[in-house]
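Trainee: Sharing a structure here in C-alpha cells format.
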Amino acid sequence: MLKSLEIKDYALIDHINVEFGKGLNIITGETGAGKSILIDAMSLLLGERASTEVVRKGAQKSFVEGIFDVELNKKVKSFLDENEIDFQPELIIRREISLKGSNRCFVNDSPVALNIVKELGDLLVDLHGQHEHQSLLRTETHIDFLDEFGGNEKLLNDYKNQYKELLSRQNELKELRSKEESLKEKKEIYNFQIKEIDAVNPQQDEDELIANELNILENSEKLLELTDDVYNKLYDGDPSVIDLLGDTKHKLNQLSNIDKTFLESEGECDSALAIVKELANALRNYKSRIDVDPKEVEAKRERIGSINLLKKKYGGSIAKIIEHREKIGKEFELADNFSEAISKLQKDILLIKKSTGESAEKLSSARKKQAGKVETEVKKVLAQLGIPDAIFKVNLKQNESDLNNNHSVLVKDKSYICTETGIDEVEFYISTNAGEDVKPLVKVASGGEISRIMLSLKTILAKSDKLPLLIFDEIDTGVSGRIAQKVGAALKDLASFHQIISITHLPQIAGMADNHFSVEKKQIDHRAVSSIKKLSNDERINEVAKLISGEELSKASIESAKQLILNK
C-alpha cells in the first residue's frame with residue numbers, strides 16, 4: 001500500500017506531501033490542474049525514465065518520494081534480500097532528477113540502479129492510463145493473468161522444476177561436446193604428463209621425508225665425530241663422567257655413614273649415574289648404526305631431484321602434482337569415452353523431455369479449461385462497464401518444433417517449443433464493437449477501453465492478483481450516466497482487495513471514494529502552482545456537486561452529491 005507521496009519542484013508542483021489511505025482513493029480536479037502530473041511523478045517511482053524538463057523553473061533538481069507499507073509483502077522482501085538491500089516494513093523509494101543530468105535512485109536510502117527501481121515498481125503497482133507501465137499491454141503478462149485466475153501455481157511450479165533440469169542437462173551436453181574437440185587436441189599432452197608423473201609416482205610429504213634423511217646422511221661424519229666425543233667424555237675418557245660420579249658416590253656413602261643427612265644426596269648421585277649410563281648406551285647404539293652408503297645417498301638425491309622437477313612443472317608441491325594427475329586422468333578417460341558419455345546424456349535428456357512434456361500438457365489442459373471461463377466473465381463485466389457488444393478471447397497456441405531444439409519438449413510423440421511458462425503462448429484478443437473481428441488487445445487504441453478492460457479483468461482476478469496498488473488514470477473516458485455508476489461500483493468492489501488510486505471526472509465514481517483528494521492550480525507570485533488536498537466530508541459534497549453542475553453550485557446538485565456519497 002502507498003502510504004504517502006512527496007513531490008518537490010516537479011513541473012507545476014512546488015512542494016506537496018499527500019497521504020493516501022486504504023480502499024478507494026479518488027482524485028478530482030479541473031482539466032489542466034495537474035492531476036496527470038501526479039501520475040507522471042508516480043511513474044518515476046515505478047522506474048520510468050525522466051527528463052530534466054520536469055525540473056521546476058528556478059530549481060536545481062526535482063524530488064519524488066513514495067513510502068509503501070510492505071510488511072506482509074513476501075515478494076518485495078525476497079527481492080530486497082536478493083539485491084542486498086535492507087528490508088523495512090516501510091519501503092522508501094526516492095528519485096532525484098537534476099538539471100545537471102544526473103538521475104539518482106534510492107531504495108531505503110541505499111543508492112540503486114534504475115532497473116532495480118523498475119523491477120521493484122512492478123511488484124508494487126499496476127498503473128493504468130496513458131503510460132507504458134501497464135501490465136495488460138505487455139503480451140507476456142497475459143499468461144500470468146490466466147494462471148492466476150486458474151490457480152495454476154502448483155502445476156506451474158512442477159513444470160518449472162523439470163524445465164530447469166532439462167536446461168541444466170542440455171547445457172551439460174553442450175559443454176561436453178565443446179570439450180570433446182578441445183580434449184582431442186590435449187590428449188597427447190595429457191598422456192605425456194600422466195606417464196611423466198606416474199614414472200616418479202610421488203607420495204604425499206615424501207619430499208620432506210627424503211630431505212630429512214639426506215640431511216642426516218650428508219652429515220654422517222660430523223654425527224660420528226660428535227657422538228664419539230660425547231660418548232668418550234661420558235664413559236671411555238680418563239677420567240670419564242661415569243668414573244667421577246662413581247668416586248663421588250663413594251665419598252657420599254662415607255659421609256652418610258657419619259651424618260644421615262647425606263643419604264638423600266647419595267640417592268641423587270645414584271640417579272645421575274643411571275642417567276649417564278643410559279645416555280652412554282644410547283650414543284653407543286647410535287654410533288653403531290652410522291653406516292653411510294654412497295649409492296643410497298645418490299639414489300635419494302636423484303629421487304628428490306625428480307620430485308622437485310615435477311613440483312616446478314605442476315604447481316609447486318606434491319599435493320598440487322597429485323591434484324593435477326587426478327584432473328588430467330579424468331579428462332584423459334573422458335576423451336577416450338566421449339561417445340558413450342554423450343549417448344548416455346542424450347538418452348537422459350530425451351527422458352526429461354518426455355516428463356517435462358507431460359507436466360506441460362497438464363498445465364496446458366488446465367489453461368484451456370480456464371480460458372473459456374475468463375472469456376465469459378470478462379464479457380459479462382465489460383457489458384456492465386459500458387461495452388455491451390464486447391467479445392473477449394483468450395488465444396492459446398503451441399508451436400511445433402524440431403526435437404533437437406534445446407527449448408522443446410515431447411508431448412504425445414510431438415515436439416513443441418517450450419519456455420519457463422510451458423508450451424503455451426497466451427494472448428488476449430478483443431472486439432469492442434458489434435460486427436468487428438477480434439484483434440490483439442495490445443493494439444486497442446482507446447485509453448478508456450483499455451482501462452475498462454483492465455478493470456473487468458481485475459474484477460474477476462481480484463482475489464488472485466498479487467499487486468497491492470492499482471492506479472487508474474481517467475478510467476471514465478467515454479463513460480457517462482448509468483454506466484459510470486457501474487464503473488464506480490466495480491472500482492469500489494476492487495478496492496476490497498487492493499488499494500486503488502483513481503483519477504476521475506465523473507460524480508458517480510467520485511461519490512464512491514473512501515478518501516477523496518482535490519487537485520487545483522493557482523497563480524502564486526505570477527507563477528502557476530499545482531497543489532492537492534484531502535477533502536473533509538463537507539468539502540467532498542461540494543466537490544462532487546461541482547462535477548455534477550460545474551462551478552455554480554445549486555441546491556439540487558448538492559443534494560445529488562449527498563445521495564451519491566451516502567449510497568456508495
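The values are calculated or read from the model by the stated rules, or taken from the named source; none is laboratory data. These numbers were taken from a predicted model, which means no experiment stands behind them. No Cβ is skipped: glycine too gets one built from the backbone with ideal geometry, and neighbour counts run over all protein chains shown. Just the protein is used for accessible areas: all its heavy atoms, side chains included, with ligands, DNA and RNA removed. Shrake-Rupley method; radii C 1.70, N 1.55, O 1.52, S 1.80 Å.
Trainee: Take the solvent-accessible surface of the protein heavy atoms, probe 1.4 Å, and return the percent of it on the chain that carbon and sulfur atoms account for.
Mentor: 49
Trainee: A follow-up question, please. Does segment 363-411 come out rounded, prolate or oblate, given a ≥ b ≥ c as the square roots of the eigenvalues of its C-alpha gyration tensor, rounded meaning a/c under 1.5 and, failing that, prolate meaning a/b above b/c?
Mentor: Prolate, since a/c reaches 1.5 and a/b exceeds b/c.
Trainee: Mind giving me the FRET efficiency for Glu30 and Asn83? R0 is 30 Å, r the Cβ-Cβ distance, nearest 0.05 is fine.
Mentor: Result of the calculation: an efficiency of 0.10.
Trainee: For segment 150-295, what does the alpha-carbon gyration tensor say about shape, rounded, prolate or oblate, given a ≥ b ≥ c as the root eigenvalues, a/c under 1.5 as rounded, and a/b over b/c as prolate?
Mentor: Since a/c reaches 1.5 but b/c is at least a/b, the shape of segment 150-295 is classed as oblate.
Trainee: Could you tell me how many cubic angstrom of Cα convex hull volume segment 43-189 has per residue?
Mentor: Measuring per residue, one finds 209 Å³ for the Cα hull of segment 43-189.
Trainee: Quick one, what does Rg over Rh come out to for segment 28-94 if you take C-alpha atoms and the Kirkwood Rh?
Mentor: A ratio of 1.08.
Trainee: Helix 294-314 versus the longest principal axis of the chain: what angle, 0 to 90°, nearest 10, using Cα atoms?
Mentor: The answer is roughly 10 degrees.
Trainee: Give the value in nm², to one decimal: projected area of the alpha carbon convex hull of segment 187-230, averaged over all directions. Can you show the working numbers first?
Mentor: On the way: hull surface 16.8 nm².
Its Cα hull, projected and averaged over all orientations, spans 4.2 nm².
Trainee: Which value, in nm² and rounded to one decimal, describes the direction-averaged projected area of the C-alpha convex hull of the chain?
Mentor: 53.1
Trainee: For segment 69-212, what's the relative contact order in percent, using C-alpha pairs closer than 8 Å and at least 6 residues apart?
Mentor: Numbers: 72 pairs, mean separation 14.9, N = 144.
Across segment 69-212, relative contact order equals 10 percent.
Trainee: Past 21 Å, Cα to Cα, is the threshold; run Lys344/Lys412; Lys3/Lys486; Lys187/Lys313; Lys74/Lys534 against it and keep the listed order. It would help to have the intermediate numbers written out before the result.
Mentor: Numbers: Lys344/Lys412 23 Å; Lys3/Lys486 28 Å; Lys187/Lys313 18 Å; Lys74/Lys534 31 Å.
From Lys344/Lys412; Lys3/Lys486; Lys187/Lys313; Lys74/Lys534, over 21 Å: Lys344/Lys412; Lys3/Lys486; Lys74/Lys534.
Trainee: Tell me, what is the percent relative contact order of the chain, built from C-alpha pairs under 8 Å that lie six or more residues apart?
Mentor: Working: 849 pairs, mean separation 119.6, N = 568.
Here the relative contact order equals 21 percent.
Trainee: With labels modelled as points extended 7 Å from the Cα through the Cβ direction, what inter-label distance (nm, one decimal) is found for Ala319 paired with Leu72?
Mentor: 5.4
Trainee: Okay, moving on. Stokes-Einstein at 20 °C, 1.002 mPa s, Kirkwood radius from Cα pairs: D for segment 172-250 in µm² s⁻¹?
Mentor: Rounded to a whole number, D works out at 114 µm²/s.
Trainee: Calculate the radius of gyration of the Cα atoms of segment 373-457 to one decimal place, then report Dmax, the largest Cα-Cα distance, as a whole number, both in Å.
Mentor: 16.6, 50
Trainee: If you restrict to DSSP beta bridges whose two residues both lie in the chain, what percentage is antiparallel, to the nearest 5?
Mentor: Of those bridges, close to 75 percent are antiparallel.
Trainee: What translational D, rounded to a whole number of µm²/s, comes out for segment 333-403 from Stokes-Einstein when the hydrodynamic radius is the Kirkwood one over Cα pairs, at 4 °C and 1.567 mPa s?
Mentor: Once the numbers are plugged in, D ends up at 80 µm²/s.
Trainee: So what are the radius of gyration and Dmax for the Cα set of segment 259-335, in Å?
Mentor: Cα only, segment 259-335: 27.4, 91 Å (Rg, Dmax).
Trainee: Additional query: Using the Karplus curve 6.51 cos²θ - 1.76 cosθ + 1.60 with θ = phi - 60°, what ³J(HN,Hα) values do you get for each residue of segment 148-159, in whole Hz, with x for Gly and Pro?
Mentor: 5, 4, x, x, 8, 4, 5, 4, 5, 5, 4, 5
Trainee: Hey, another quick one. What are the equivalent ellipsoid semi-axes of segment 230-297, built from the alpha-carbon gyration tensor (square roots of five times its eigenvalues), in whole angstrom, biggest first? Intermediate results must be reported in sequence, preceding the final value.
Mentor: On the way: eigenvalues 268, 24, 5 Å².
Over the Cα atoms of segment 230-297, the semi-axes work out to 37, 11, 5 Å.
Trainee: Next question. Quick one: if the Förster radius is 56 Å, what FRET efficiency do Val200 and Leu273 give, using the C-beta to C-beta distance and rounding to 0.05?
Mentor: 0.60
Trainee: Here's another thing I want to ask about it. Would you mind calculating the gained length between Lys443 and Ala383 on full extension (0.36 nm times residue separation, minus the Cα-Cα distance), in nm to one decimal?
Mentor: 19.6 nm
Trainee: What distance in nm lies between label points placed 7 Å from Cα along the C-beta direction at Asp229 and Asn567?
Mentor: 12.3
Trainee: Using just the Cα positions, wrap segment 1-125 in a convex hull and report its mean projected area in square nanometres, one decimal place.
Mentor: Seen from a random direction, the Cα hull of segment 1-125 projects 7.7 nm² on average.
Trainee: Normalised radius of gyration for segment 485-568, please: alpha carbon Rg relative to 2.2 N^0.38 Å, two decimal places.
Mentor: Rounded to two decimals, the normalised Rg is 1.17.
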